[in-house]
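Note sheet for the following structure.
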Amino acid sequence: MASTETKPKADDLAGLEAGLDALDAVEIRRTPIREVLTKKALPPTVAVTLVLALWHTLVTTGTVDEAKLPPLPAVFDSLAQMWLQGTLFDVIWTSVSRGLLGFLLALAIGTPLGLLVARVKFVRAAIGPILSGLQSLPSVAWVPPAVLWFGLNDAMMFTVILLGAVPSIANGLVSGVDQVPPLFLRAGRTLGATGLRGIRHIVMPAALPGYVAGLKQGWAFSWRSLMAAEIIASSPDLGLGLGQLLENGRNNIDLPGVFLAIALILVVGIAIDLLVFSPLERRMLRNRGLLMKA
């Protein structure tokens, strides 16, 4: 009897060991370039091509008046003109540099603020609802007071960006901290990870999904806030950015220039997301075992 009772236990252990070995043997492979192009680059390329084809068809067939939707060649002519004049990259860099610097400032302020709100009950009760309210407030609402406070300068631009982005970053981190299992915190305290060490080694890594989501939203708010500020508060002293380019097109009744500015704003926003936040998100998921392919 003893031998018959022992045998199933040995088989169970062998099966468990084989299963663990199989998990350890899972290979995380790099996605081939062809697969990346087929699955990630091809679908948006096809979508953009279809949109441009529909645009061209609507204009050439007269379905939409050219006074409302400019012909595609006219938009490309505006792009080529900016390229030949050497102003294209200057305009883009003026806005991108402001947006990135403003986002970094918002990151430096929003991160400790989010931790403070998440970890201190009195602070959460006091300013937690205010942060939520600020996040829902349109960024354009901050442009008039910022102009009155600072005038038409970069300080005004950064103020609008901070007021738009900080609440999103802070709220994202608060949401991530709220989802940290209490067991992690107790285990960290048992191992001596308290105070700043606990925040660094336990809270922040565990709250990373919510934090990254807050960063992505914070960048979106930074970019939108900057565009609102550049459109409304235009001045030669501020330089020519994408928002000012859009406003100039409206003032000059230059519809192709307006659509070119809209396209550039959209392209820059998508490029930052693809080059910065998407790789960051994939790396986080891969480190957590939630993404098997790079």
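A short reminder: the numbers here are calculations on the coordinates, not readings from a lab. Since the structure is predicted, the reported quantities are computational estimates derived from the model, not experimental observations. FYI the Cβ positions are ideal-geometry reconstructions off the backbone, even for glycines, and counts take in every protein chain you see.
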Residues other than M156 with Cβ under 14 Å of its Cβ, Lys/Arg counted +1 and Asp/Glu -1, net out at -2
Placing each pseudo-label 7 Å from Cα in the direction of the beta carbon, V64 and I270 end up separated by a distance in nanometres of 1.6
Expected sort for 233-243, 276-286 on mean C-beta neighbours within 10 Å, highest first, is 233-243, 276-286
Checking rank on 95-108, 133-146, 248-261, with mean other Cβ inside 10 Å and highest first, the result is 95-108, 248-261, 133-146
Once T87 and H56 are pulled to full extension, the length gained, defined as 0.36 nm per residue separation minus their Cα-Cα distance, is 8.5 nm
